[in-house]
Amino acid sequence: MRDDWNVPANVAMNKSHGAAAPGPAAIELGLRRNWRQFWLLILVNAFVGAMVGLERTVLPLLAEQEFGLASRSAVLSFIATFGIVKALTNLFAGRLGDLYGRRRVLLVGWLFALPVPLLVIYAPSWSWIVFANVLLGINQGLAWSTTVIMKIDLVGPQQRGLAMGLNEFAGYLAGALAALGTGYVAEAHGLRPEPFYLGIAFAVIGLALSLLFVRETMRHVALEATSRAKEELSASGVFARVSWKDRALASASQAGMVNNLNDGLAWGLFPLFFAASGMGVGRIGVVSFTYLAVWGCLQLWTGALSDRWGRKWLIAAGMIVQGIAIGFVALLESFPGWLGAAALHGLGTAMVYPTLLAAIGDVAHPSWRGSAVGVYRLWRDSGYAVGALLAGVLADYFGMAPAIEVVAGLTVASGVLVILRMPETLRLNG
């Protein structure tokens, strides 16, 4: 397949680097004008999300039942490892995409996914599972970050919320279906190897689609940059601006970090909490599916809504709703109650997740937008590590219910901080 858009950013945006291969006759911004590539990237991201969904139901139970891990901190070590690696990879993914092109980064990300299900299937010790999650973190950091950035590139400034809603919808709905499917497969056939055969197919198909059909989007970046005043930042300058200097970007970063802190709790501790109550693996899969499916599906609405209503109040309200839902998990003692709390948790996360990414796109200049998304996702996904470590330690010393309550309180506090500090970013859009 001809790949005439596969040019690095420093070629597409600076002709002094030499002539690039000719691109399409006309490059335009907008979802409708780029619908083929946009929906292809939606499909690719569904396979990225499915790779994580494989672990949502089964892996915490595998730690206890097959590897004999009694410590909650030890069980949650795979999430901490995943979060640290993914967070750091996000940082490099954004910068590498700005320098060398998005498509190359996406392809490398898929190569890291290929060994993951095989390592889980044949792991003789828990250390193999932890290593598999190192590779999974690299895969997610490179592949998911790149599909996010490429969609922002394609749609331009007018439909970022919708684009991010569609992107996160695909990733998390696929993750929900994978979590549900592995739960039922595990109940019928055991915790491994059968649930992870799906992962082999996901990785192969995702790599094939990216290699054969995905095209580079850097010419779209160059086009959008012509409509805005030139603004160049060093890597350290982008990091400082996203992390603390810019109130909007820094507020988004802290909210993203707390969001994934509580998602790490839902991923690692909730299955153990439910299992301790006597719930079977199939029903645990249903609760995991409900949380991820509501999160994924409602983003089709919340992302587009943020394009009309604004970003700030959706983010703040979503964080508070999340905190209330997590608190209900600790207080309730029945499957229907936990199912309702999972749906409420999914609603709050849907309000927050695409809106935070859209806010980053509002503020960041096209020339350093990829790097800004990378820094934001560094802070956001470090929440997995913080959440796993915090929840594990608190659960070991005080019990699982108190650990859940602490995370609920932190999540509400994050929403209040957004209200107090974050300005509205939609007016900066375009």
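Summary table below
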| item | result |
| --- | --- |
| Test: residue 54 is touching a residue at least 40 places away in the same chain (Cβ under 8 Å), touching a Leu at 6+ places or on another chain (Cβ under 7 Å) and not in a loop (DSSP other than H, G, I, E, B) | yes |
| Test set (1) surrounded by fewer than 21 Cβ atoms within 10 Å (Cβ to Cβ); (2) more than 24 Å from residue 99 (Cα to Cα); (3) modelled with pLDDT under 95 - residue 392 fails condition number | (1) |
| Single residue of 32, 2, 36 found to be at pLDDT below 85 and closer than 30 Å to residue 295 by Cβ | 32 |
| Which listed residue is closer than 23 Å to residue 172 by Cα and in a helix (DSSP H, G or I), from 393, 373, 406 | 373 |
| Elements of type helices (runs of 4 or more DSSP H) contained in the range 109-219, each with 1 or more residues being buried (at least 24 other Cβ atoms within 10 Å of the Cβ), of a type in the set (Asp, Glu) and in contact with a Gly (Cβ under 8 Å, 6 or more places away or on another chain) | 160-189 |
| Options 69, 62, 54: the member that is in contact with a Lys or Arg (Cβ under 7 Å, 6 or more places away or on another chain) and either buried (at least 24 other Cβ atoms within 10 Å of the Cβ) or on the phi < 0 side of the Ramachandran plot (or both) | 62 |
| Residue ID - modelled with the highest pLDDT, chosen from residues in the range 279-330 that are among the aromatic types (Phe, Trp, Tyr) and either assigned to a loop (DSSP other than H, G, I, E, B) or crowded, with 24+ Cβ neighbours inside 10 Å (or both) | 291 |
| Those residues of the range 222-236 which are in contact (Cβ under 8 Å) with a residue 40 or more places away in the chain, part of a helix (DSSP H, G or I) and either within 15 Å of residue 94 (Cβ to Cβ) or touching a Ser or Thr at 6+ places or on another chain (Cβ under 7 Å) (or both), in sequence order | 225, 235 |
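The values are calculated or read from the model by the stated rules, or taken from the named source; none is laboratory data. None of these values were measured; they are calculated from a predicted model. Heads up, the Cβs are rebuilt from the backbone with ideal geometry, glycines too, and the neighbour counts pull from every protein chain shown.
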